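Nothing in this text is a laboratory measurement; each read-out follows from the coordinates by a stated rule. Here the structure is a predicted model, which is why all the values come from computation and not from measurement. Virtual Cβ from ideal backbone geometry, glycine too; neighbours counted across all protein chains shown.
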Amino acid sequence: MAEPATTGAVLAFYDTHPINERQILEKLRQDGHDPAHVTEDVLKHYDQDHFGGVAANDTLVRLAGIDADSRVLDVCCGMGGPSRYLAHTCGCRVTGIDMNAGRIEGARTLTAMAGLDGRVGFEIGNALAMPFADGSFDVLISQEAFCHVPDKRRLVGECARVLKAGGRIAFTDILATARTDDATRARLGKEMTFQELGSLESYSRALDEAGCAVESVEDLGEDWRVILVDRLAMYRRLKDQTVERFGLAHYEKWDRAYSFFVGLYQTGELGGGRFLARRRS
Ligand SMILES: C[S@@+](CC[C@H](N)C(=O)[O-])C[C@H]1O[C@@H](n2cnc3c(N)ncnc32)[C@H](O)[C@@H]1O
């Protein structure tokens, strides 16, 4: 597959992201944990790179009915926080896929540290062309990542392809609202590497067209309005580490971009959604 022109920008965005493997290990040490002997019960509070932490994972588990027999795919898994959490809490087997090699390297390291590498594996790959056979998984999850992927219809079609008949797709994503204008989309594209933001309606349509029956759609805009204010404060607490690793100019650029992003939730110019759909047989 020819890589979209935006792929390099998304890779660079996550190569210089304030939440990264090194930062997670430093924070563990600061809090008095020895990373060499860390358990998932501790790690799960440090490695979730989506909104709402482990509670958001629990919601996907409940919605998609994940249990020990489920074969789960975590698309755009980042450093694998949700993948490890699902394997640990449900006893299922999980595969995570992400196109950023550094994120996957971090995911593998953290998973081995938590002793979960027997049940959780990772692949480097693009969500638009995944290296899995048709009908490989019972459940597919994703959190706050599809916003970076261009061509949502193709993305959702690819997700449906790797699900078994009757399999469930449960995901959350950053969404456009009726109030998102072109200038805002362009700025988010440049500063946050978001592509073709989906909406509650467009994802529902894409799921249906991909052969999935939509079972629930939840508007998360209000919830995220609050969560994101805390998240901006969390990034600001990481200032020293971010400056040390990537420089002051990078920190300031990130802070401007993230403040703008969080502000859009306060005015309703951005939203969020949680979707559950079942692949028709
Ligand atoms: C906000 S992180 C989410 C990480 C993870 N879902 C979590 O909750 O901890 C978004 C991830 O999406 C990945 N990503 C973006 N576009 C992708 C694509 N087209 N294919 C695979 N991964 C992609 C990025 O590399 C990044 O690791």
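Give or take rounding to whole Å, what are the principal axis extents of the alpha carbon atoms in segment 78-119, in descending order?
Here the spans come out as 26, 17, 13 Å, largest first.
How much space per residue, in cubic angstrom, does the convex hull of the C-alpha atoms of the chain take up?
Hull volume normalised by residue count: 117 Å³.
If you look for lysine pairs in segment 136-259 that are eight or more places apart or on different chains, how many of them have Cα atoms under 26 Å apart?
5
Go through 15-24, 72-81 and give me the packing order, highest mean Cβ count within 10 Å leading.
Put in order of decreasing packing, that is 72-81, 15-24.
Can you work out ³J(HN,Hα) from phi for every residue in segment 253-264, in order, using Karplus 6.51 cos²θ - 1.76 cosθ + 1.60 and θ = phi - 60°, giving whole Hz and x for Gly and Pro?
Each residue of segment 253-264 in turn: 5, 4, 5, 4, 5, 6, 4, 4, 4, 5, x, 5 Hz.
Using a Cα-Cα cut-off of under 17 Å, which lysines could be cross-linked to Lys44, ignoring same-chain neighbours fewer than 8 residues away?
Leaving aside lysines fewer than 8 places away in the same chain, those within reach of Lys44 are Lys27.
Could you work out the Kirkwood radius for segment 144-281, taking every pair of different alpha carbons, averaging 1/r and inverting it, reported in Å?
Evaluated on segment 144-281, it is 16.1 Å.
Please list, in chain and number order, the residues 5+ apart from Gly167 or on another chain whose amide H is under 5 Å from its amide H, with Hs placed from the backbone.
Arg279
Please go through segment 177-239 and write out the trypsin sites (Lys or Arg not before Pro) that DSSP classes as loop and that have at most 13 other C-beta atoms within 10 Å.
Sites meeting the loop and neighbour criteria: Arg179.
Run the numbers on the chain and let me know its relative contact order in percent, using alpha-carbon pairs under 8 Å that are six or more apart.
It rounds to 18 percent for the chain.
Pull up all non-local amide H partners of Phe122: gap of 5 or more, or a different chain, and H-to-H distance under 5 Å with H placed in the peptide plane.
HN-HN under 5 Å from Phe122: Gly96.
Measuring from label point to label point, each 7 Å out along Cα→Cβ, what is the Ala101 to Arg185 span in nm?
Using points 7 Å along Cα→Cβ, the separation is 3.4 nm.
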